[in-house]
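Please read the structure below before turning to the comments.
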Amino acid sequence: MRTVVLFFFLVLLSGCSLNRLFAPGEINKVTVVEYTPYMKHHRAYFTRTELETIKEDQKYLYLYDKKKRHVGLLLHPKNDYILYNLTKPEQPALTLHVTPKTTYTHVLKTFRRKGFTPVDSLTDVGVIVSVAPRRYKGIKTLLVDVQDYSSLQDLYKKAIRTYNANEIKDIQTKLPKQLVYEYYRRYEKRAHTRRHLAQLQIIAQKLQIKTQEEIYTYYLKEADQDALTAYLSQKETRSSLSRRQYKLLKKRKKFLQEEKLFNEGSLEDLIAAYKINKDPKYKERILSLIKEQQENK
């Protein structure tokens, strides 16, 4: 009993809390936050005070095992490279000890033999990861939060690709729309039948995105000239619309430009336009403006 009391007395004298005392056993470890058939949420705190740069200014790097569909986080603390499995927390971390001959290329080759290669976009594989500096029980750490929607992403992609929402319409788990947005737009452009459009409407509602038909209707009937011009100037607009849709929007843009010129244009601009189009209404508008100017003198 005296030993226990002495232990806690020494802890208090050192200025440490019990939380901080036991924190090291809780960091550098991936833990499960939530686990469902359609989403796996994992979290980890990694010590950041002794992390070395891996590449350029990067102190962490995502690697991906395509065969097993596992996401890994590579860190470089002092004399080691350690790869933590963010998808399977129970998997032990893979460690590569640093030698004078260890290079970035050597590191990648080593983990490639284990199945892991660098990945440009985790959203392409259905994973959302956020990393932020945090203090965890007095220790400087990197908080890594991982949400794996890969199985749900597969279901949505199948629904989009086959124009059949049956498998996803009753699923309550929400899929972040960025995980299939571009995929959805690609197949939406190819849809030609009413059935296809009806199924895509169901999918779009679950994803909380506007269908191209809704966007197209807005720009064709409601958008002003500035909004329409900005929309048509975007690179992705041309590829997302059919030739007929794009042609109609260009026609509407021309109409709005002419309408603005007719209603707000100067006398000089209207005269210049009339010389080209020979439109009688422009002549009437010009004569009306000339009359107004004479009356105001």
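The values are calculated or read from the model by the stated rules, or taken from the named source; none is laboratory data. Because the structure is predicted, anything quoted here is derived from the model rather than measured. Glycine gets a Cβ as well: all are built from the backbone with ideal geometry, and neighbour counts include every protein chain shown. Heavy atoms of the whole protein, side chains included, go into the accessibility calculation; ligands, DNA and RNA do not. Shrake-Rupley method; radii C 1.70, N 1.55, O 1.52, S 1.80 Å.
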Checklist entry - Do we find a residue being among the β-branched types (V, I, T) and touching a residue at least 12 places away in the same chain (Cβ under 8 Å) anywhere in region 272-284? => result no
Checklist outcome for this item: Checked against (1) within 19 Å of K140 (Cβ to Cβ); (2) open to solvent by 20 Å² or more (accessible area, probe 1.4 Å); (3) in contact with a helix residue (DSSP H, G or I) (Cβ under 9 Å, 6 or more places away or on another chain), R69 satisfies every condition except (1)
Item to check | Single condition I139 does not satisfy, out of (1) farther than 23 Å from K40 by Cα; (2) in contact with an Asp or Glu (Cβ under 7 Å, 6 or more places away or on another chain) | outcome: (2)
Next on the checklist: Looking at (1) open to solvent by 90 Å² or more (accessible area, probe 1.4 Å); (2) under 30 Å from the mean Cα position of the chain (by Cα), which one does Q225 not meet, given that it meets all the others?
Outcome noted: (1)
Next on the checklist: Looking only at region 243-266, filter to residues that are of a type outside the set (D, E) and surrounded by fewer than 10 Cβ atoms within 10 Å (Cβ to Cβ); which one of those is farthest from H192 (Cα to Cα)?
Outcome noted: N263
Checklist entry - Can you name the condition, by its number, that D269 falls short on among (1) within 21 Å of Y181 (Cβ to Cβ); (2) touching a Leu at 6+ places or on another chain (Cβ under 8 Å); (3) open to solvent by 60 Å² or more (accessible area, probe 1.4 Å); (4) of a type outside the set (A, V, I, L, M, F, W, C)? => result (1)
Item to check | Enumeration of residues in region 94-114 that are surrounded by 15 or more Cβ atoms within 10 Å (Cβ to Cβ) and within 28 Å of the chain's Cα centre (by Cα) | outcome: L108, F111
Next on the checklist: I need a count of the residues in region 112-141 that are within 27 Å of Y184 (Cβ to Cβ) and touching a Pro at 6+ places or on another chain (Cβ under 9 Å).
Outcome noted: 2
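Matching residues to (1) closer than 25 Å to D57 by Cα; (2) open to solvent by 30 Å² or more (accessible area, probe 1.4 Å); (3) among the small types (G, A, S):
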{"site": "K78", "(1), (2), (3)": "yes, yes, no"}
{"site": "I128", "(1), (2), (3)": "yes, yes, no"}
{"site": "K140", "(1), (2), (3)": "yes, yes, no"}
{"site": "V146", "(1), (2), (3)": "yes, no, no"}
{"site": "Y156", "(1), (2), (3)": "no, no, no"}
{"site": "N164", "(1), (2), (3)": "no, yes, no"}
